[in-house]
């Protein structure tokens with residue numbers, strides 16, 4: 001924990017609203033709540049906002065004897081984004097964090113984020129890094145910030161800096177790690193735009209905050225982010241349609257000021273992300289026996305730009321390797337034996 005964060009805040013310390021949107025979360029909610037109750041920063045209100053669960057999620061929440069926990073039950077399921085919006089409406093603290101009901105939060109998480117926001121009043125919100133865990137809680141990896149965004153001054157980054165980094169690295173921002181000034185959530189953001197951006201609606205939130213003010217990034221792994229086969233985040237990684245990430249990026253690229261600020265390097269990075277998305281979709285199609293669709297997606301995959309990028313960049317080389325394998329595996333007579341090696345290759349590439 002940083003020396004600036006107070007582990008036992010006085011009564012005058014800012015109230016933090018920790019919101020937990022739930023839907024059939026009984027299997028993981030207890031562990032998540034326990035990690036929140038164990039926070040070194042204690043001036044919290046913990047709002048469990050249940051979206052008409054059909055399991056015993058509410059019963060699990062009621063087992064905790066902590067006066068800071070309050071339950072809110074939606075009469076009907078209002079959708080994931082609708083429930084996130086409900087969390088924003090209910091928050092009364094100076095800062096609001098929307099934590100997920102299957103993730104775990106290290107004890108100093110809230111204290112570190114409050115300390116950061118108190119020191120940097122021009123920053124609208126702050127996100128952190130995370131350790132990745134599977135459905136059984138085993139560590140499987142980590143998500144770290146790009147090196148160029150590891151700012152020593154800690155004063156947050158601007159929209160152009162963030163947008164350029166997203167074009168270079170794709171989405172590295174972890175939704176359930178965010179803490180945002182409640183006034184920014186309620187008066188500027190107001191709600192998730194899931195109808196426009198699907199599973200990447202959270203990325204739109206962080207870009208909108210960066211448009212309004214600066215966005216803070218803490219280069220510390222202060223939470224455990226769960227990715228299991230039962231979770232939506234895992235299903236997104238197996239999708240065969242164009243990634244929702246591009247719905248967000250394309251939306252902003254249509255704005256004149258954003259387009260004008262783009263450099264040739266930014267445009268090249270965008271094309272690299274498109275190629276990577278294309279080959280990953282082709283791989284997922286191949287793994288689900290949709291061989292003609294996979295082959296069709298890669299019809300115009302190889303180009304001079306692709307080859308030059310592969311010579312300069314390890315990630316582009318990996319994409320070229322996977323695309324080349326798929327082109328060969330899609331040849332007549334090879335499809336039946338090509339899926340098992342492909343799964344291993346995807347795993348080796350971390351996809």
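The values are calculated or read from the model by the stated rules, or taken from the named source; none is laboratory data. Since this is a predicted model, take the numbers as computed values, not measurements. Glycine also receives a Cβ, built like all others from the backbone with ideal geometry; neighbour counts cover every protein chain displayed.
Quick check on segment 170-181: of everything there that is in a loop (DSSP other than H, G, I, E, B) and in contact (Cβ under 8 Å) with a residue 60 or more places away in the chain, which residue is nearest to the chain's Cα centre (by Cα)?
If we take residues in segment 170-181 being in a loop (DSSP other than H, G, I, E, B) and in contact (Cβ under 8 Å) with a residue 60 or more places away in the chain, then 171 is nearest to the chain's Cα centre (by Cα).
Say we look at segment 305-314 and pick out the residues that are free of Cβ contacts under 8 Å to residues at least 24 places away in the same chain and under 15 Å from residue 274 (Cα atoms); which of these is farthest from the chain's Cα centre (by Cα)? Lay out the reasoning, then the answer.
Applying the first criterion (free of Cβ contacts under 8 Å to residues at least 24 places away in the same chain) to segment 305-314 yields 307-308, 310-312, 314.
Filter once more, keeping what is under 15 Å from residue 274 (Cα atoms): 307, 310.
Values: 307: 30, 310: 27 Å.
So, considering only residues that are free of Cβ contacts under 8 Å to residues at least 24 places away in the same chain and under 15 Å from residue 274 (Cα atoms), the one farthest from the chain's Cα centre (by Cα) is 307.
When you scan segment 2-40, how many residues do you find that are part of a loop (DSSP other than H, G, I, E, B) and modelled with pLDDT of 95 or more? Steps first, answer last, please.
If we filter segment 2-40 for residues that are part of a loop (DSSP other than H, G, I, E, B), which is where we start, we get 2-15, 23-25, 38-40.
With the extra rule that they be modelled with pLDDT of 95 or more, the set shrinks to 15, 23-25, 38-40.
So the answer is 7.
Given segment 182-278, what helices (runs of 4 or more DSSP H) lie entirely inside it while holding 2 or more residues that are buried (at least 18 other Cβ atoms within 10 Å of the Cβ), in the same structural domain as residue 23 (by TED's automatic domain parsing) and in contact (Cβ under 8 Å) with a residue 60 or more places away in the chain?
201-212
If you take just the helices (runs of 4 or more DSSP H) that sit entirely in segment 41-155, which of them hold at least 1 residues that are closer than 27 Å to residue 167 by Cβ and touching a helix residue (DSSP H, G or I) at 6+ places or on another chain (Cβ under 7 Å)? Don't jump to the end; show me each part of the working.
Working: elements: 57-62, 80-90, 109-119.
Of the helices (runs of 4 or more DSSP H) lying wholly inside segment 41-155, those with at least 1 residues that are closer than 27 Å to residue 167 by Cβ and touching a helix residue (DSSP H, G or I) at 6+ places or on another chain (Cβ under 7 Å) span 80-90.
Take residue 165 and tell me if it is closer than 23 Å to residue 80 by Cβ, surrounded by 15 or more Cβ atoms within 10 Å (Cβ to Cβ) and at pLDDT 95 or above.
Judged against the criteria, residue 165 is not a match.
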